[in-house]
Amino acid sequence: MTDPVTGWLISGDESDPYIWLASLTRRPEWHSRAACRGAGTSAFVLARGANAAVMARARAICSTCSVTVECLDYALADSDAVGIWGGTTGTERRQIRMDATNPGPNIRGPSLGESSAYADASSSVIE
């Protein structure tokens, strides 16, 4: 039996080599369309305490990307993902995961003895 690489090379398959390479390296299919493709990991895997300018450069690339949603979903599913994914940092993704598993605080209204100003402010909370 021929190994997969040799099989693809001799098959005459006209499929997109980026998609094939993505599957070979176990990258998701959408990665072949990502704006960060070819930028190098150093632009997205930030050292602890990276300054705002470094993060802004990575996020600027993400802001032009057509697969940001897929990228963020991928990173949210993998708690070991480090660096900027889908325009978010690891800290931001941890917060997103926490928010998804722990619904917002139990906000009590004025009927439970709180001021109506508090109730008015709590009514504008977006869930």
- Net charge (Lys, Arg +1; Asp, Glu -1) of residues whose beta-carbon lies under 15 Å from that of GLY40, GLY40 excluded, is +3
- Query: What does the highest-first list of 88-96, 65-73, 33-41, 45-53 look like by mean Cβ count within 10 Å?
  - Reply: 65-73, 88-96, 33-41, 45-53
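Rule-based calculations on the coordinates, nothing more; no lab input. Since the structure is predicted, the reported quantities are computational estimates derived from the model, not experimental observations. Every residue, glycine as well, gets a Cβ built from its backbone with ideal geometry; the counts of neighbours run over all protein chains shown.
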